Structures are given as C-alpha cells and as structure tokens.
Amino acid sequence: MQTSVVMTMLGPDRPGLVESLSAVVARHGGNWVESNMSHLAGHFAGILRIQVPRQHEAALIADLRGLETTRELKVIVQPSSETAPTTGYQSVLVDLVGHDRPGIVSEISRIFADRKINVEELDTQCTSAPMSADALFKATARLRVPGDVDVDDLRRDLENIAAEMMIDIFVEPDSE
C-alpha cells in the first residue's frame, strides 16, 4: 500500500539539490508526485509530495531529514493524510496585477479568510512595469471556495478592494 509524504526544504542554492532529493526518493521506491520549487534571494526553496510504499515511509523520512547535514538544507517532512474534502467546493482562479505596495496580499487574503476560502496555491512576483520601470506586483491564486459562498459576491468584493488599491483583479472558475 502507498502512502504520501510532504516535504519542505530551504537551503543555499547550488547545482545538484534536486538530484539529491530525487535520489533519496528513488532509493526508497518513492514516486515524485508533485512539487513547487524556486530560487529566491540566493536560496532554493521547495515543497514536494512523494508517494512511497508504506513499509519504506520511515526510512524515507529519516533520509530526507538527513539532507539537513549532508546538503545543508532545512527540511520538514510530514506524512500526509490526504483527507481534504472533494465535494461541496468549487475551484476559482484569481489573477491580480498592479503597482507594488505593502499590504496587497494581506488585504486580499483577509477577504478569503472571512469567507473560509482556502488558498491552495499562491504565486507572486514583483517585476518592472513596461515603460515606467515602476515595481509591478503580480499574483495568481487557486482557491478552494465553499459551496455556500457566492462567487459573484466574492468577485464584487475583490473588485471593490482592487479599486481602492488601484490594482486589476480577475476572478474566474478554475477548470481543473
């Protein structure tokens, strides 16, 4: 029987980190199911979900934690219960773009939290705006919205706050 393990890691970025992780996973008969990894400010950060035969789970977790000393990584590993409800929710995408300023994520995420909306994925970045080179903030979020939340009301509330912050925001059902 297979079980899932979720791991987060952070360490100085250098060649070979992904290979080190994948070698540990393969050594225990694990399957690299999904991940999100990125270079951020000289560090390499990531989150990874692995499926592994139950009898290899403890050894896999021990070896992943061992990367803290052998690869100078900070590692957190947790067995996953994978019990998130799949019915009664809708998936919604939110895209946001505007001049960067402190508080954008805080303002938007408060609207989500007030409605018990779960942020399943959040990708943000700051780039230079074309023409002006001002800092431009971009965000994409995949949300798990409870069935009793009206997406049109959510869209309206997000558009109201977007107008106050002078950002553009787009809300649409997610086809995934």
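Listed residues SER128, SER106, SER81; which is over 25 Å from ARG49 (Cα atoms), within 22 Å of the chain's Cα centre (by Cα) and exposed (fewer than 14 other Cβ atoms within 10 Å of the Cβ)?
SER106
From the list ASP148, ASP123, which one is of a type outside the set (S, T, N, Q) and part of a loop (DSSP other than H, G, I, E, B)?
Only one candidate passes the filter, namely ASP148.
Scanning for something surrounded by 12 or more Cβ atoms within 10 Å (Cβ to Cβ), closer than 27 Å to LEU143 by Cα, over 18 Å from the mean Cα position of the chain (by Cα) and not assigned by TED's automatic domain parsing to the domain that holds LYS116, does region 27-47 turn up at least one residue?
For region 27-47, residues surrounded by 12 or more Cβ atoms within 10 Å (Cβ to Cβ), closer than 27 Å to LEU143 by Cα, over 18 Å from the mean Cα position of the chain (by Cα) and not assigned by TED's automatic domain parsing to the domain that holds LYS116: present.
Looking at region 32-73, which of its residues are charged (D, E, K, R) and over 14 Å from SER20 (Cβ atoms)?
Of everything in region 32-73, those that are charged (D, E, K, R) and over 14 Å from SER20 (Cβ atoms) turn out to be GLU34, ARG49, ARG54, GLU57.
Please go through region 110-120 and give me each residue that is exposed (fewer than 15 other Cβ atoms within 10 Å of the Cβ) and part of a helix (DSSP H, G or I), ordered by number.
ARG110, ALA113, ASP114
Give just the number: which of (1) touching a Lys or Arg at 6+ places or on another chain (Cβ under 8 Å); (2) under 24 Å from SER35 (Cβ atoms) does PHE137 not satisfy?
Against the list (1) touching a Lys or Arg at 6+ places or on another chain (Cβ under 8 Å); (2) under 24 Å from SER35 (Cβ atoms), PHE137 comes up short only on (2).
Going through region 85-104 one residue at a time, which ones are more than 21 Å from GLU172 (Cβ to Cβ) and assigned to a strand (DSSP E or B)?
HIS99
Take LEU136 and tell me if it is surrounded by 15 or more Cβ atoms within 10 Å (Cβ to Cβ), outside any strand (DSSP E or B) and in contact (Cβ under 8 Å) with a residue 24 or more places away in the chain.
no
Is it fair to say LEU143 is surrounded by 13 or more Cβ atoms within 10 Å (Cβ to Cβ) and in a strand (DSSP E or B)?
yes
With respect to the numbered conditions (1) under 30 Å from LYS116 (Cβ atoms); (2) among the aliphatic types (A, V, I, L, M); (3) in contact (Cβ under 8 Å) with a residue 40 or more places away in the chain, which one is the sole condition not fulfilled by VAL52?
(1)
The values are calculated or read from the model by the stated rules, or taken from the named source; none is laboratory data. Bear in mind the structure is a predicted one, so any value in this text is a computation, not a measurement. Every residue, glycine as well, gets a Cβ built from its backbone with ideal geometry; the counts of neighbours run over all protein chains shown.
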